[in-house]
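What follows is a short report on a single structure.
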Amino acid sequence: MNTEQKTIIAMIKIFCEYHHKTHGSLCEECNKLQEYAFYRLKKCPYANNKPTCSRCPVHCYEKIKKEEIKAVMRFAGPRMPFKHPILALKHSLQDKKNGHKNARFILN
Ligand SMILES: [Zn+2]
């Protein structure tokens, strides 16, 4: 599993725990969203060399799902450094490596 996948799992989990009061596992809705996100990541033409989803030039998420993912990232993004400091750091390093000054979790 790559950093992007781990980041998405972690963020959906934070979102689901808070909004849907789940513990440990995701609710059905969030589980579907995660599967969808994985499916999209797998099909991503940038594969392992991608500039993290927030910077990706390919808008691969369908509109409705994109809104859902966006909501998750907007909510969980700022919480990532506290909940998953190492993952958040890796994510931002990957972003920096690609020439971006400020790492963000929010999709464009
Ligand atoms: Zn949920």
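If amide hydrogens are placed 1.01 Å from N in the peptide plane, which non-local residues have theirs closer than 5 Å to the one on residue 26?
Residues meeting the amide H criterion: none.
Ranking 16, 27 by Cβ neighbours within 10 Å, fewest first, what do you get?
Ordered by Cβ neighbours within 10 Å, fewest first: 27, 16.
Most exposed first by the Cβ proxy, i.e. fewest other Cβ within 10 Å, how do 67, 17 rank?
Least to most surrounded, the residues fall as 67, 17.
No lab work stands behind these numbers, since they all come straight from the coordinates. The shown structure was predicted, so the numbers you read here are calculated from the model rather than taken from an experiment. For neighbour counting, all protein chains shown are included, and Cβ atoms are generated from backbone atoms with ideal geometry for every residue, glycine included.
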